[in-house]
1. Just the residues that are assigned to a helix (DSSP H, G or I), among the polar types (S, T, N, Q) and under 23 Å from Asp25 (Cα atoms), please, taken from region 200-233.
2. Just to be sure I understand, how many residues within region 81-96 are within 14 Å of the ligand (Cβ to nearest atom), without any contact (Cβ under 8 Å) to a residue 60 or more places away in the chain and in contact with a helix residue (DSSP H, G or I) (Cβ under 7 Å, 6 or more places away or on another chain)?
3. Would you please name the residue that is nearest to the chain's Cα centre (by Cα), looking only at residues in region 123-146 that are surrounded by 17 or more Cβ atoms within 10 Å (Cβ to Cβ) and among the polar types (S, T, N, Q)?
4. Identify, please: which residue in region 24-45 is of a type in the set (Gly, Ala, Ser) and within 28 Å of Asp303 (Cβ to Cβ) and is, among those, surrounded by the fewest Cβ atoms within 10 Å (Cβ to Cβ)?
5. Scan Leu165, Leu172 and give me the residue that is away from the ligand (no atom under 12 Å from the Cβ), modelled with pLDDT of 95 or more, touching a helix residue (DSSP H, G or I) at 6+ places or on another chain (Cβ under 6 Å) and aliphatic (A, V, I, L, M).
Amino acid sequence: MNIFNWIEQHLKPEPSTTDAMIYDDMESQSDCSLIGIYRPFDGTKRSHWSERGSVLDFLCATGGEGRRLLDFGPGDGWPSLLLAPYALEVVGLDSSRKRVQVCRTNAQRMGINNAWFQRYRTADPIPFPAESFDGVIAASSIEQTPDPKEILAEIHRILRPGGRLRIFYEGLAGYRGESERDLAILEQGRAACKMLLYDRDIARERVIQYAIDLQVSKSDLLERLGTDRPEYSNLTVEILQRIEPMIERTRVVETIHPSGQTWVRWLGQVGFRSVRPTHDGSRGAVVMYDRLTGPNRPMDVGDVDDMIRPAVELAVNLECPLHRDPRITATK
Ligand SMILES: C[S@@+](CC[C@H](N)C(=O)[O-])C[C@H]1O[C@@H](n2cnc3c(N)ncnc32)[C@H](O)[C@@H]1O
């Protein structure tokens, strides 16, 4: 029997939402890996330049310098906390209580006082008046909500005329092949873990996600699975039957993961007057990193930003083919 059918029949998962079944249960949703939030910037590293390019991408694409920005679904505070030094004010809106708490703690630790974070209930309207933001940024978050097209309509409502939305999303095309069905295991304290199973339907642009909470540590579970690298291909119904007594709770959610083409269509339908899929600022930053060598390559984050900014500006204004599921800028 197929694993997913077995889960449905034997574990009878409760319908849930991603904020409740995943994001509320994570101390850090980035594994404390975010540069500039959890780890210092290191100018010798290409990946750190790429990260600065990604942050400046949101700033340049929204024209957000000195403006009021909304970060929809900030997670651990990315990119809101890194954009705050440039913006007039950044508001992070997330439906996960835990994520809002973590963002507030990170802002306080970083000494940022023009970013504030607010929780609202999944599927409620966005709790801000019409035309109250100059720019909106959303990184891998709108596709985690129950109705992404409705969120786009809400974002359109709260943007001022001429205001811009920049989105970065998880398209499914990159998962074609072995990763269409996937497994991850998250540590949940010392004696518990969460098994996440993904069934990705690329043609329908849908993902069914199961979260199985287990009363066993991640390392013990891996031992029982007979592996140190959890992979979907190692999982069998027999293994699930063996670990069933340790299962505390099983939840399921189906999310919509639009392709670039679907995002562009929806953004037009909800009323944006210009919708442009473009290249990514991080690409501009790594081109600069590769061109510069030795003493010509700055180390300080401010100098790196000055160096990469023209390349980022260029990238975010350069049209990118839609089949690559690129970042999109939509103007009201
Ligand atoms: C993949 S994380 C991305 C976090 C962050 N933007 C980043 O890129 O690191 C998705 C975020 O969306 C949030 N989220 C899930 N459902 C949501 C909803 N209905 N409304 C707002 N945020 C939601 C989650 O709580 C989480 O913070």
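The values are calculated or read from the model by the stated rules, or taken from the named source; none is laboratory data. Keep in mind that what you see is a predicted model, and the values were worked out from it rather than measured. Neighbour counts run over all protein chains shown; Cβ positions are idealised from the backbone, glycine included.
1. Within region 200-233, Ser219 is the sole residue that qualifies.
2. Total meeting the criteria: 5.
3. Ser141
4. Applying the filter and picking the extreme gives Ser33.
5. Only one candidate qualifies: Leu165.
Results for (1) away from the ligand (no atom under 16 Å from the Cβ); (2) part of a loop (DSSP other than H, G, I, E, B), shown as yes or no for each residue.
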{"position": "Met1", "(1), (2)": "yes, yes"}
{"position": "Phe4", "(1), (2)": "yes, no"}
{"position": "His10", "(1), (2)": "yes, no"}
{"position": "Asp24", "(1), (2)": "no, no"}
{"position": "Ser28", "(1), (2)": "no, yes"}
{"position": "Phe58", "(1), (2)": "no, no"}
{"position": "Gly64", "(1), (2)": "no, yes"}
{"position": "Gly77", "(1), (2)": "no, yes"}
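Let's see how each residue does on (1) surrounded by 13 or more Cβ atoms within 10 Å (Cβ to Cβ); (2) closer than 16 Å to Asp42 by Cα; (3) free of Cβ contacts under 8 Å to residues at least 40 places away in the same chain:
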site: His257; (1), (2), (3): yes, no, no
site: Trp266; (1), (2), (3): yes, no, no
site: Arg273; (1), (2), (3): no, no, no
site: Ala285; (1), (2), (3): yes, yes, no
site: Asn296; (1), (2), (3): no, yes, yes
site: Pro326; (1), (2), (3): yes, no, no
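To keep it simple, each residue is scored yes or no on (1) at pLDDT below 95; (2) within 19 Å of the chain's Cα centre (by Cα); (3) among the charged types (D, E, K, R).
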{"residue": "Glu178", "(1), (2), (3)": "yes, no, yes"}
{"residue": "Leu186", "(1), (2), (3)": "yes, yes, no"}
{"residue": "Arg190", "(1), (2), (3)": "yes, no, yes"}
{"residue": "Asp199", "(1), (2), (3)": "no, yes, yes"}
{"residue": "Ile208", "(1), (2), (3)": "no, yes, no"}
{"residue": "Ala211", "(1), (2), (3)": "no, yes, no"}
{"residue": "Leu214", "(1), (2), (3)": "no, no, no"}
{"residue": "Leu221", "(1), (2), (3)": "yes, no, no"}
{"residue": "Leu225", "(1), (2), (3)": "yes, no, no"}
